[in-house]
Amino acid sequence: ETTVGGSCQWVNNNTSSLSSSINNSTSWLEVWPFAQLHRDANFMGTTQDMRAVTLTAGALNVVGNDAVSSITVQEGMEVKVCSDDPTRTVGYTCFSTRDSVTKLSSSIDNRTSWAQSSVTSILSPLSEEQFVGTNKVILRAMALSPINGELDGGSVTWRSDRDGNLGSGKTRTVYLSTDGCNNTRHRIFLKAVDSTGRAIETFRDVYVRQVC
């Protein structure tokens, strides 16, 4: 993020040996969230991982078509599962969630033939992070769409429940208002909009105060 000329490697599964360009040279690490579709209730059984993708019946080749019973959803993600492809059929049943589900309802349990996930995640600040002696806060976002892939900074906007609009961009430095010596809570909202107009919003609470 702050230098040029470095080497990076994506790791999507267990990796026993990194490439020679990064082996014993790692100085920066970023972990991207992913959702998991589980064949059985309570997050048990065969599992298939998914990031910001759309999976049709044929692509549910790990967990199986018409076989999903529970879903693990990490912070900043949204998962939608349907009994049939909603872009090609009528009469389908769909269910969307931003929280993990231990057991899908009977209307969709063991009926999933289409799944889609997206990511709208606040990378910084951390949840409940406190800024003492400064009101300078660096905002960083991750926004991934199954339609567009990684969204650009113009598709990402920030706001505070106290200060209002904080601007746009996946990385942004802001100065939050403070009440002085006492912790001042700001609820920071992140909103991402893809090319279809689909908007997803998430939030995180932070605290700022002066040193008195």
Given the conditions (1) at positive phi; (2) open to solvent by less than 70 Å² (accessible area, probe 1.4 Å); (3) touching a strand residue (DSSP E or B) at 6+ places or on another chain (Cβ under 9 Å), every one holds for GLU128 apart from (2)
Picked from the range 84-125 (must be within 17 Å of ARG198 (Cβ to Cβ) and exposed (fewer than 13 other Cβ atoms within 10 Å of the Cβ)), the residue nearest to the chain's Cα centre (by Cα) is SER96
Taking the range 191-212 and keeping only residues that are farther than 17 Å from GLY169 by Cβ and not in a strand (DSSP E or B), one is left with SER195, THR196, GLY197, ARG198, GLN210, VAL211, CYS212
When the range 137-189 is checked residue by residue, the ones that are open to solvent by 80 Å² or more (accessible area, probe 1.4 Å), modelled with pLDDT under 95 and under 14 Å from ARG209 (Cβ atoms) are ASP179, ASN182
When (1) at pLDDT 95 or above; (2) assigned to a loop (DSSP other than H, G, I, E, B); (3) of a type in the set (Gly, Ala, Ser) are applied to GLY91, the one that fails is (1)
Hey, does the range 1-23 have a residue that's under 26 Å from ASP99 (Cα atoms) and acidic (Asp, Glu)? no
Is at least one residue of the range 113-121 part of a loop (DSSP other than H, G, I, E, B) and under 22 Å from GLY149 (Cβ atoms)? no
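Would you be able to say whether some residue in the range 20-32 is outside any loop (DSSP other than H, G, I, E, B), of a type in the set (A, V, I, L, M), at pLDDT below 95 and surrounded by 13 or more Cβ atoms within 10 Å (Cβ to Cβ)?
Among the residues of the range 20-32, not one is outside any loop (DSSP other than H, G, I, E, B), of a type in the set (A, V, I, L, M), at pLDDT below 95 and surrounded by 13 or more Cβ atoms within 10 Å (Cβ to Cβ), which makes the answer no.
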Being of a type in the set (Lys, Arg) and under 23 Å from SER145 (Cβ atoms) narrows ARG51, ARG39 down to just ARG51
Would you check if there is a residue in the range 167-190 being assigned to a loop (DSSP other than H, G, I, E, B), of a type in the set (Lys, Arg) and within 29 Å of LEU60 (Cα to Cα)?
-> no
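The values are calculated or read from the model by the stated rules, or taken from the named source; none is laboratory data. Bear in mind the structure is a predicted one, so any value in this text is a computation, not a measurement. Backbone-built Cβ (ideal geometry, glycine too); neighbour counts: all protein chains shown. Only protein heavy atoms, including side chains, enter the accessible area calculation; ligands, DNA and RNA are left aside. Shrake-Rupley method; radii C 1.70, N 1.55, O 1.52, S 1.80 Å.
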